[in-house]
Amino acid sequence: MNYAVELIDLTFRYPDGTEALKGVNLQIEPGERVAIIGSNGSGKTTLLHHLNGLLVPSGGEVRINGEKITKKNLDEVRMKVGLVFQDPDDQLFAPTVEDDIAFGPRNMGLSRQEVEERVARTLEILNITNLRDKSPDNLSGGQKRLVSIAGVLAMEPEIIALDEPTSNLDPRSASSLMHLLFDLNRDMNITLIIATHDVDSVPQYASRVCVMHEGEIVMQGTPEEVFTNTGVIRESNLRPPRMALLMESLHEEGLPVCNPYPLTIKAARVEILKLVGKKVKEHNRSCM
């Protein structure tokens, strides 16, 4: 089968000699939601920058829909793979939000009518029509993040790669953004690849998790499979999600918590109610 993304023995060395990627192999199927987690310097950003040809591999190759990225097909690849940078200011440069969103479609050679339709549709999808005529310089951090995503979305890519999308956002804005990305994946079948060290949000949206450490993928699997292996998580300078830490603490106190531990608030609530129910029944029996 043709994977949406396939990395084959991918290596990359920066000019100063830093070896950022060390033989990375990864296959991502169309429509997957993949989280790439790792501490700062683990290679997450470098990996993302290879997905649309922003960086050229030192060794190995990157394939999009089964086709190796080369200089000849770079423009085509960048229409298929949208990259959202960690800092929106690195992506926003036009005088108005509308101009910023229209930049990509215009450079695709689309008609004026098609560009206008895409801009209007994207503004509506992201619920930022009210920002259309504003300067990006006057937007909040959360608004800039949405506009940077809008500029990518307007090109109607098959794959969107995002670098730390919730960084510097307040909790409510971060939650809203992740729900939005989940909806885009569900409704438009867009493949999502999200690099982050925010392990608490990962179990809520990711179908697969890849752990990076010192330029290598050291483990991958479902959120349950990955976060159950606390040794690998901690060796990679990460921590399990807070809900798993809570359950681990309750287990150490002698409570019969299920294993693997719940990773989300919803799952933890169900488990805690079970534990409370058991304690109530034990109490009632002891009083009889």
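The values are calculated or read from the model by the stated rules, or taken from the named source; none is laboratory data. All values derive from a computational prediction rather than experimental measurement. Here Cβ is always computed from backbone atoms with ideal geometry, including for glycine, and neighbour counts include all displayed protein chains.
Filter segment 120-151 down to the residues that are of a type in the set (K, R) and in a helix (DSSP H, G or I) and list them by number. Listed by number, the residues that qualify are R121, K144, R145.
When segment 44-66 is filtered for residues that are acidic (D, E) and touching a Gly at 6+ places or on another chain (Cβ under 8 Å), nothing remains. Among the residues of segment 149-166, those identified as under 17 Å from Q204 (Cα atoms) and not hydrophobic (A, V, I, L, M, F, W, C) are E164, P165, T166. Answer with yes or no whether L162 is assigned to a strand (DSSP E or B) and either closer than 25 Å to F85 by Cβ or at pLDDT 95 or above (or both). Taking the combined requirement at face value, the residue satisfies it. Every condition in (1) within 26 Å of A174 (Cα to Cα); (2) modelled with pLDDT under 85; (3) small (G, A, S) holds for S201 except the one numbered (2).
Suppose the filter is in contact with a helix residue (DSSP H, G or I) (Cβ under 6 Å, 6 or more places away or on another chain), part of a helix (DSSP H, G or I) and among the small types (G, A, S); does A94 pass it?
Criteria not met by A94.
For segment 52-109, taking the residues that are closer than 21 Å to I193 by Cα and basic (K, R), the one that is surrounded by the fewest Cβ atoms within 10 Å (Cβ to Cβ) is identified as K68. Looking at (1) modelled with pLDDT under 95; (2) surrounded by fewer than 16 Cβ atoms within 10 Å (Cβ to Cβ), can you tell me which one Q113 breaks? Q113 satisfies all of (1) modelled with pLDDT under 95; (2) surrounded by fewer than 16 Cβ atoms within 10 Å (Cβ to Cβ) except (1). Pairing each residue of segment 32-57 that is without any contact (Cβ under 8 Å) to a residue 60 or more places away in the chain with any residue that is of a type in the set (A, V, I, L, M, F, W, C) and in a loop (DSSP other than H, G, I, E, B), provided the two are 6+ apart or on different chains, yields C-beta distances under 6 Å for H49/L55; G53/I69.
Of everything listed in (1) touching a residue at least 40 places away in the same chain (Cβ under 8 Å); (2) farther than 20 Å from V24 by Cβ; (3) over 22 Å from the mean Cα position of the chain (by Cα), the single unmet condition for V84 is (3). Scanning segment 97-113 for residues that are assigned to a loop (DSSP other than H, G, I, E, B) and of a type outside the set (S, T, N, Q) returns M108, G109, L110.
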